[in-house]
Amino acid sequence: GAGVSQSPRYKVAKRGQDVALRCDPISGHVSLFWYQQALGQGPEFLTYFQNEAQLDKSGLPSDRFFAERPEGSVSTLKIQRTQQEDSAVYLCASSLGPIQETQYFGPGTRLLVL
Amino acid sequence: SQQGEEDPQALSIQEGENATMNCSYKTSINNLQWYRQNSGRGLVHLILIRSNEREKHSGRLRVTLDTSKKSSSLLITASRAADTASYFCATDDGGYQKVTFGTGTKLQVIP
């Protein structure tokens, strides 16, 4: 079936603006991850969902970042009052089961905060 | 924070040559994985090696793991221009698959 999709692919925001990034995981995948990737760096973990439960949000950099997955499928990462340091690529990944499965990544959303 | 560090940071080789990149990590792991990322694209899983394995092959890829040295290497044989990408190692310590990525090696294969 279709892979992980993310929208929008590119987002330009003015500093202080709120943004919402969407992730559509592979159908039936239990686990969903969000990562932040700064330019020239590896992805850094933000948060993890198992179905609709957010089991780990230890990587969220501040309380301006919020993620949800209310029905256990589509997930939204929201960033409030964006700052320039939020500029990065936000990657979503999903995997079939909860334990030690290959993660399938979406193409990412490139966020630029001016 | 990044768990792994890849070495070298950048590598440029001619098509047909072998490419070797290394990853060092800091804490005990359950698995180590290698991913490829083409410019502007998401990551693609290449290979997973478990902590009780020492070597694994997949096509033109060969991965080794030395848990005593907390290091892994990825060898790509007979490289092709299409192998041009960034390569990341990622480790997990068990549990629900939370992985920690390294800093990446940028590989350029010149046709």
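A few comments on the model shown:
- Residue within the stretch A:53-76 that is in contact with a Lys or Arg (Cβ under 7 Å, 6 or more places away or on another chain), of a type in the set (V, I, T) and under 23 Å from B:Q37 (Cβ atoms) present: no
- Here A:Q36 clears all of (1) more than 20 Å from A:Q84 (Cβ to Cβ); (2) in contact with an Asp or Glu (Cβ under 8 Å, 6 or more places away or on another chain) except the condition numbered (1).
- Every residue from the stretch B:49-77 that is part of a loop (DSSP other than H, G, I, E, B) and in contact with an Asp or Glu (Cβ under 8 Å, 6 or more places away or on another chain): B:R54
- Residues of the stretch A:64-93 classified as over 12 Å from A:Y35 (Cβ atoms) and assigned to a strand (DSSP E or B), total: 7
- Hey, A:G16 of a type in the set (G, A, S), exposed (fewer than 14 other Cβ atoms within 10 Å of the Cβ) and at positive phi or not: yes
- Residue in the stretch A:24-38 that is polar (S, T, N, Q) and at the interface with chain B (Cβ under 9 Å from one of its Cβ atoms) present: yes
Readers should treat all values here as calculations from the given coordinates under stated rules, not as data from a laboratory. Only a predicted model underlies this, so the values are computations on that prediction, with no experimental measurement involved. Every residue, glycine among them, receives a Cβ derived from its backbone with ideal geometry; neighbour counts consider all protein chains shown.
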